[in-house]
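Please read the structure below before turning to the comments.
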Amino acid sequence: MANILLTLAEEVGKTTGTHFAVRYAVDENDCFDFAAGLKALGHNVFFVNWRDLDLENEPDPKKVQFSRMFDYQNSCFVKPLALSDFALVFVYKMEGFYFDLPRFFAMVSTFEKNIPVVVNDPVTIRHNIDKSYLFQLLDRGVSVGHPYTVEEAVKQRLKQNLPCVIKPLFGERGNKVLLAKSVDDLKEIEGGESEFIAQEYMPEIRDGEKSLAYLGFDFQHAVVKRPNAQNSDEFRCNESLGGTVAIYEPTAEELEYCQDLLKVYESFGCPIHFSRVDFVTTSGGPKLVEVELLNPSVYANYSNKGQQFGASIAKYFDSLIRVKEKV
Ligand SMILES: Nc1ncnc2c1ncn2[C@@H]1O[C@H](COP(=O)(O)OP(=O)(O)O)[C@@H](O)[C@H]1O
Ligand SMILES: [Mg+2]
């Protein structure tokens, strides 16, 4: 039996003494199934809001603590346990962390110093947070929507009026992701070009982006996400932008593609644990939009797999703890 910590994006005003409210109902409610699965294996689960970690006031990383902690088993707030009391921390959701990356990295490092198992692996988190990994995958022969620096995209695509998607190197939920059809469309990011990556625009996105969820190298379930059908200019599938989600059954080719891709990613020195691979289907087969190895939303409840996936992730975490204990 172990203590397990989960970071959640808290809907602060809605939390009560007996309920820890989460912000993103669609994806984040899965956390209650994760917790139920872990509890069923005999583990104690605690929820925290990443804002409550005392990083600013406690200089000694070994002494940093959360100021609030919710005990899932007993549905109440408790005197926070020390980080060193935990066997595993799941870096799951952190509201606004892309706007405060130094603090996010400080939190991950603090976890690493105090808690034996951090999921996803900190090495993978630090690598995957920067969409430059698309260049590395391309170099290794993986089928990816062709990435460019913004400068190269101007020369090789936009001057010929070939459309590109421009996205922040560090970003999520479709924030600041734009479609550029000509050089003029880059005005929006003028001066900040180095903070963005360009990718060939893949028109197949209108048929949807397939998202396959993995634990380790084992496929779990899949969804297909489609952009808002009411708005023909909207190409982003993110649910926060009106995108829709439906259950999807991947083909053998797609399963092989995703597994190969994860193996290549692992070869960068990045352990693979909890992942989601997002791709479109082109006439030449799957092509990557992004691979989310930091803290993917995997739409388990959406896929009617809430409980099942909760049990699977619990078993997976349990095995990670056992492996660590043996070392
Ligand atoms: N190269 C592309 N071609 C077509 N659509 C894209 C491309 N890149 C991103 N998109 C669309 O924009 C959305 C957000 O981009 P994504 O790379 O997934 O970044 P984020 O991390 O913000 O989700 C995707 O879900 C997809 O709908
Ligand atoms: Mg995405």
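The values are calculated or read from the model by the stated rules, or taken from the named source; none is laboratory data. These numbers were taken from a predicted model, which means no experiment stands behind them. Cβ: placed from backbone, ideal geometry, glycine included. Neighbour counts: every protein chain shown.
Note down all Cβ pairs under 9 Å where the first residue falls in region 64-91 and is on the phi > 0 side of the Ramachandran plot, the second is crowded, with 20+ Cβ neighbours inside 10 Å, and they're at least six residues apart or on different chains.
Pairs that qualify, where the first residue is on the phi > 0 side of the Ramachandran plot and the partner is crowded, with 20+ Cβ neighbours inside 10 Å, are SER75/PHE20.
So which residues in region 166-188 are assigned to a loop (DSSP other than H, G, I, E, B), within 13 Å of ligand 2 (Cβ to nearest atom) and in contact with a strand residue (DSSP E or B) (Cβ under 8 Å, 6 or more places away or on another chain)?
Result: ASN175, LYS176, VAL177.
Please verify whether region 189-205 includes one or more residues that are acidic (Asp, Glu), touching a strand residue (DSSP E or B) at 6+ places or on another chain (Cβ under 8 Å) and part of a strand (DSSP E or B).
First, pick out the residues of region 189-205 that are acidic (Asp, Glu): 190, 193, 195, 200, 204.
Narrowing the set further to residues that are touching a strand residue (DSSP E or B) at 6+ places or on another chain (Cβ under 8 Å) leaves 195, 200, 204.
Add one more test, that the residue is part of a strand (DSSP E or B), and what stays is 200.
So far as region 189-205 goes, yes, one or more of its residues are acidic (Asp, Glu), touching a strand residue (DSSP E or B) at 6+ places or on another chain (Cβ under 8 Å) and part of a strand (DSSP E or B).
Tell me which of these ALA180 doesn't satisfy, since it passes every other one: (1) in contact with a helix residue (DSSP H, G or I) (Cβ under 8 Å, 6 or more places away or on another chain); (2) assigned by TED's automatic domain parsing to the domain that holds ILE166; (3) surrounded by fewer than 21 Cβ atoms within 10 Å (Cβ to Cβ).
Result: ALA180 fails condition (3) only.
Report, by residue number, each residue of region 278-293 that is buried (at least 23 other Cβ atoms within 10 Å of the Cβ) and either closer than 15 Å to PHE90 by Cα or small (Gly, Ala, Ser) (or both).
LEU293, the sole residue that qualifies.
I need the full set of residues from region 189-217 which are within 19 Å of LEU294 (Cβ to Cβ) and more than 16 Å from ligand 2 (Cβ to nearest atom), in order please.
GLU195, LEU215, GLY216, PHE217
State all residues of region 239-280 that are in contact with a helix residue (DSSP H, G or I) (Cβ under 8 Å, 6 or more places away or on another chain) and either closer than 18 Å to ALA300 by Cβ or assigned to a loop (DSSP other than H, G, I, E, B) (or both); if no residue qualifies, say none. Give the steps one after another, and end with the answer.
Residues of region 239-280 in contact with a helix residue (DSSP H, G or I) (Cβ under 8 Å, 6 or more places away or on another chain): 239, 245, 250, 261, 264-265, 268-275, 277, 279-280.
Of everything in region 239-280, those that are in contact with a helix residue (DSSP H, G or I) (Cβ under 8 Å, 6 or more places away or on another chain) and either closer than 18 Å to ALA300 by Cβ or assigned to a loop (DSSP other than H, G, I, E, B) (or both) turn out to be GLU239, VAL245, PRO250, PHE268, GLY269, CYS270, PRO271, ILE272, HIS273, PHE274, SER275, VAL277.
Tally time: how many residues in region 40-57 are without any contact (Cβ under 8 Å) to a residue 40 or more places away in the chain and either under 14 Å from PHE77 (Cα atoms) or surrounded by 14 or more Cβ atoms within 10 Å (Cβ to Cβ) (or both)?
Residues meeting the conditions: 1.
Can we say GLY191 is outside the structural domain of ASP278 (by TED's automatic domain parsing) and not aliphatic (A, V, I, L, M)?
yes
Being touching a residue at least 60 places away in the same chain (Cβ under 8 Å), assigned by TED's automatic domain parsing to the domain that holds LEU138, closer than 19 Å to GLU209 by Cα and surrounded by fewer than 19 Cβ atoms within 10 Å (Cβ to Cβ) is true for just one of SER240, SER267, SER275. Which residue is that? Talk me through it step by step, then tell me what you get.
Values: SER267 fails: closer than 19 Å to GLU209 by Cα; SER275 fails: surrounded by fewer than 19 Cβ atoms within 10 Å (Cβ to Cβ).
Result of the check over SER240, SER267, SER275: SER240.
Quick one: would you say LYS113 is assigned to a helix (DSSP H, G or I) and not assigned by TED's automatic domain parsing to the domain that holds LYS62?
No, not satisfied.
Could you please find all residues in region 148-165 being away from ligand 2 (no atom under 14 Å from the Cβ), outside any loop (DSSP other than H, G, I, E, B) and touching a residue at least 24 places away in the same chain (Cβ under 8 Å)?
Answer for region 148-165, where residues must be away from ligand 2 (no atom under 14 Å from the Cβ), outside any loop (DSSP other than H, G, I, E, B) and touching a residue at least 24 places away in the same chain (Cβ under 8 Å): TYR148, VAL150, GLU151, GLU152, ALA153, VAL154, LEU158, LYS159, CYS164.
Which residues, counting only those in region 189-228, are out of contact with any helix residue (DSSP H, G or I) (no Cβ under 9 Å at 6 or more places or on another chain), over 20 Å from GLN156 (Cβ atoms), within 15 Å of ligand 1 (Cβ to nearest atom) and without any contact (Cβ under 8 Å) to a residue 60 or more places away in the chain?
Result: ARG206, single match.
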